[in-house]
């Protein structure tokens, strides 16, 4: 019975994260495919992240980002089984969106590799820091969505022209797999995960309001 419950829970969480990530990649990368301006693309990513958080946050946490899920696992907020379910669902959802879009909107590098590494670590750190800050202030999904969505939009607008402002392994994985641009995928995976983990490590030096 316990094994059945465990599998059912993993399927449910993974499925919810897959749907949320699919929607995020479809809308965000879809705006790229439509040739929208940098501002419009940034607004699309920020808005859809916020909407997805409000829609599915209560069910799975609405991470829609493997780096975020791994950071919460490292923080002790997510079990290993749930982390596997989350990350698997996120990658599958992103891949499905990439297929629907025909590989449009892949993450592209328009700067040196050194700059790319530094930028992606920095902006994922800032994204995860914003998440950690707001979840320490409230458990309400609307303010969480507003803060995280705004952060995504601002960072995407500020750094998108250089690295695509991925901040999310799944966002890169889906479109880049379908488009055939495989070479950058491992770099974005490593950089975004490092950035998210650094945010958790930094948080440990900041006392909570209850302390």
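Values in this text are rule-based calculations from the coordinates and carry no lab data. Bear in mind the structure is a predicted one, so any value in this text is a computation, not a measurement. Heads up, the Cβs are rebuilt from the backbone with ideal geometry, glycines too, and the neighbour counts pull from every protein chain shown.
Structure notes:
- Positions within region 149-160 being within 11 Å of residue 46 (Cβ to Cβ) and either surrounded by fewer than 24 Cβ atoms within 10 Å (Cβ to Cβ) or free of Cβ contacts under 8 Å to residues at least 40 places away in the same chain (or both), in sequence order: 149, 150, 151, 153, 154, 155, 157
- Qualifying residue in region 123-139 (condition: farther than 19 Å from residue 44 by Cα, free of Cβ contacts under 8 Å to residues at least 12 places away in the same chain and assigned to a loop (DSSP other than H, G, I, E, B)): yes
- The test for being in contact with a helix residue (DSSP H, G or I) (Cβ under 6 Å, 6 or more places away or on another chain) and within 22 Å of residue 47 (Cβ to Cβ) does not hold for residue 195.
- Of all residues in region 168-190 being buried (at least 24 other Cβ atoms within 10 Å of the Cβ) and closer than 16 Å to residue 87 by Cα, the one that is nearest to the chain's Cα centre (by Cα): 168
- Scanning region 110-122 for residues that are under 23 Å from residue 27 (Cβ atoms) and assigned to a loop (DSSP other than H, G, I, E, B) yields one hit, 110.
- Condition met for residue 147 (touching a helix residue (DSSP H, G or I) at 6+ places or on another chain (Cβ under 6 Å) and in a helix (DSSP H, G or I)): yes
- Residue in region 166-211 that is nearest to residue 26 (Cα to Cα), counting only those that are touching a residue at least 60 places away in the same chain (Cβ under 8 Å) and either touching a strand residue (DSSP E or B) at 6+ places or on another chain (Cβ under 6 Å) or assigned to a loop (DSSP other than H, G, I, E, B) (or both): 168
- For residue 163, the conditions (1) over 23 Å from residue 53 (Cβ atoms); (2) in contact (Cβ under 8 Å) with a residue 60 or more places away in the chain; (3) buried (at least 16 other Cβ atoms within 10 Å of the Cβ) are fulfilled apart from (2).
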